[in-house]
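The values are calculated or read from the model by the stated rules, or taken from the named source; none is laboratory data. Everything numeric in this text was worked out from a predicted model, so none of it was measured. Cβ: placed from backbone, ideal geometry, glycine included. Neighbour counts: every protein chain shown.
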């Protein structure tokens with residue numbers, strides 16, 4: 001626990017979300033959140049020593065039925081939901097009930113997420129078996145080779161034609177709601193405020209915050225939202241997703257795979273993200289903060305004041 | 001070409017860098033930079049239509065001796081250098097001369113980088129062969145499965161003990177130089193300024209800008225710097241690397257693998273990035289902009305005013 005700050009929360013569950021039951025035959029999950037912050041002494045531009053917080057970043061290796069799949073780098077606030085959402089967003093599973101359990105344990109310098117699942121994966125990775133109690137692995141799994149950059153694109157684009165979002169007259173957002181969303185998220189970025197170096201994602205129904213999560217990468221944060229939605233059988237058609245991250249192609253497709261028609265980013269939009277949103281009739285707001293925003297795509301879902 | 005703005009440059013080569021010859025037996029590279037920007041019409045918060053620019057984002061599939069390796073999402077300003085640096089930073093090659101050629105070609109919606117190389121890869125990925133003229137692939141290569149998140153960590157950590165940086169008395173930075181670096185980078189972020197949604201990296205020797213690159217992800221930008229250094233046999237021991245991105249573990253290790261002892265980020269530092277920097281005697285500046293900065297680690301290389 002940080003001695004510089006306390007009471008910091010990286011995973012927020014609002015009252016509506018807390019009331020949602022899990023789906024029948026939901027996977028069994030541990031609750032292995034790690035410490036979020038570490039205090040260090042640094043020197044500022046005036047030459048003064050000061051104590052500040054850094055966000056934790058830990059390798060979390062996913063072992064899928066005993067096969068090493070990939071290693072994610074995560075803050076670790078909700079690792080089980082991250083893993084569940086990751087499997088879905090990589091199109092390795094199409095529903096949560098495929099997974100029987102996710103057991104996360106942290107050693108000093110790394111974590112392992114042991115996933116047991118029925119054998120109906122959409123795509124089986126070509127991964128090498130590792131001993132169940134393997135220490136921090138020194139070798140590289142095939143699936144881990146090409147990572148750190150956005151190669152989920154091909155997996156996601158293969159399924160894009162299966163996505164149907166609600167019609168524009170059924171799923172809409174007003175300017176008042178959008179401004180409330182922006183006001184709310186500015187109060188739920190604890191880690192960013194005290195330590196920086198994280199992105200956040202938050203799920204809203206109208207102006208009500210359902211869940212918010214911070215992590216060291218924007219993809220992790222979105223995957224965690226996806227994992228929570230799968231676990232509770234929550235559909236995205238009446239939801240709005242906020243993210244601090246860029247709306248790149250993969251972020252837009254991941255939101256669409258969860259059925260979410262409206263995306264709001266504090267950051268900008270890439271040309272490919274824009275193209276995909278238009279193709280799927282999604283609404284994208286970017287550069288959204290402090291009462292300002294740009295509606296990049298899908299203005300037909302938006303009711304300005 | 002954007003009609004909204006012109007003269008935008010995403011890859012800057014300074015005079016010292018332009019004078020550097022390529023190494024003997026350097027790989028043959030195409031020069032297949034793509035268009036960087038696209039104009040779109042959006043609606044702002046006052047309900048007004050306005051034309052703005054978006055950064056391009058294109059899938060670039062790396063085919064290694066005819067085997068599909070991975071698909072990167074890139075702005076496309078210097079794709080050959082990106083691919084060369086990617087191969088090195090993934091520890092698939094240990095020097096540029098392993099690669100005979102990198103030929104990038106762009107189709108409408110995607111690119112392919114055909115890499116021919118001698119068969120002395122450090123690690124051979126378990127990739128499936130694809131036809132050389134394959135269209136946009138619908139299936140997923142094994143190496144592409146676990147991507148979009150930071151799984152290069154294991155590959156990089158395996159080599160961390162081979163890294164030796166210059167002693168702290170030999171590679172240093174003064175406050176005056178640091179402030180000049182920050183001033184210079186603020187004038188070389190063309191894409192960010194007109195379109196947002198990109199990160200940049202820049203390589204300096206003292207206060208002289210050698211190269212600067214913008215891309216849709218911080219890892220791409222750093223990999224491109226690495227590729228340029230490999231192609232010109234430039235050592236990192238007397239260099240400083242600036243990035244707009246977070247100094248996560250992988251970013252710190254990648255810079256160290258190129259021998260760079262001093263890192264400056266406009267953003268923050270994760271706890272693991274901090275730990276690795278301390279282990280390697282690297283100097284990390286974060287939250288660095290407009291005359292302000294924090295020295296997170298390695299203050300012994302820093303000469304304040």
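Counting the residues of the range A:182-201 that are closer than 23 Å to residue B:269 by Cα, in contact (Cβ under 8 Å) with a residue 12 or more places away in the chain and not in a loop (DSSP other than H, G, I, E, B) gives 9.
Screening A:299, A:271 for residues that are farther than 25 Å from residue B:246 by Cα and either at the interface with chain B (Cβ under 10 Å from one of its Cβ atoms) or at pLDDT below 95 (or both) leaves exactly one candidate, A:299. Scanning the range B:259-301 for residues that are buried (at least 24 other Cβ atoms within 10 Å of the Cβ) and out of contact with any strand residue (DSSP E or B) (no Cβ under 6 Å at 6 or more places or on another chain) returns B:261, B:272, B:276, B:282. Among the conditions (1) more than 8 Å from chain B (Cβ to nearest Cβ); (2) at pLDDT 95 or above; (3) within 17 Å of residue A:184 (Cα to Cα), the only one that residue A:261 does not satisfy is (3).
Across the range B:70-89, the qualifying residues are those that are in contact with a helix residue (DSSP H, G or I) (Cβ under 6 Å, 6 or more places away or on another chain), at the interface with chain A (Cβ under 9 Å from one of its Cβ atoms) and not in a strand (DSSP E or B), and the one among them that is surrounded by the most Cβ atoms within 10 Å (Cβ to Cβ) is B:86. Identify, from the list A:222, A:179, the residue that is outside any strand (DSSP E or B) and crowded, with 19+ Cβ neighbours inside 10 Å. Answer to the check: A:222. Taking the range A:36-45 as the range and being free of Cβ contacts under 8 Å to residues at least 24 places away in the same chain and either within 9 Å of chain B (Cβ to nearest Cβ) or in contact with a helix residue (DSSP H, G or I) (Cβ under 8 Å, 6 or more places away or on another chain) (or both) as the test, the residues that pass are A:40, A:42, A:43, A:44, A:45. Can you name every residue in the range A:90-123 that is modelled with pLDDT under 50 and either assigned to a strand (DSSP E or B) or exposed (fewer than 14 other Cβ atoms within 10 Å of the Cβ) (or both)? Residue satisfying the conditions is A:120 alone. Look at (1) at pLDDT 80 or above; (2) surrounded by fewer than 23 Cβ atoms within 10 Å (Cβ to Cβ); (3) in contact with a strand residue (DSSP E or B) (Cβ under 6 Å, 6 or more places away or on another chain) and you find that residue B:170 fails only one, number (3). Being within 18 Å of residue B:154 (Cβ to Cβ) and in a loop (DSSP other than H, G, I, E, B) is the filter here, so list the residues in the range B:257-273 that pass it. Correct list: B:270 only. The set of residues from the range A:17-35 being out of contact with any strand residue (DSSP E or B) (no Cβ under 6 Å at 6 or more places or on another chain) and either more than 14 Å from every other protein chain (Cβ to nearest Cβ) or within 22 Å of residue A:115 (Cβ to Cβ) (or both) comprises A:18, A:19, A:20, A:21, A:22, A:23, A:24, A:25, A:26, A:31, A:33.
Here the range B:47-69 is the region considered, the condition is being outside any strand (DSSP E or B) and within 9 Å of another protein chain (Cβ to nearest Cβ), and the residue that is farthest from the chain's Cα centre (by Cα) is B:47. For the range A:230-254, filtering for residues that are within 14 Å of another protein chain (Cβ to nearest Cβ) and buried (at least 22 other Cβ atoms within 10 Å of the Cβ) leaves 10. For the range B:274-286, how many residues are more than 7 Å from chain A (Cβ to nearest Cβ) and either assigned to a helix (DSSP H, G or I) or at pLDDT below 95 (or both)? Counting residues in the range B:274-286 that are more than 7 Å from chain A (Cβ to nearest Cβ) and either assigned to a helix (DSSP H, G or I) or at pLDDT below 95 (or both) gives 5. Going through (1) within 22 Å of residue A:259 (Cβ to Cβ); (2) crowded, with 18+ Cβ neighbours inside 10 Å one by one, residue A:62 falls short only on (1).
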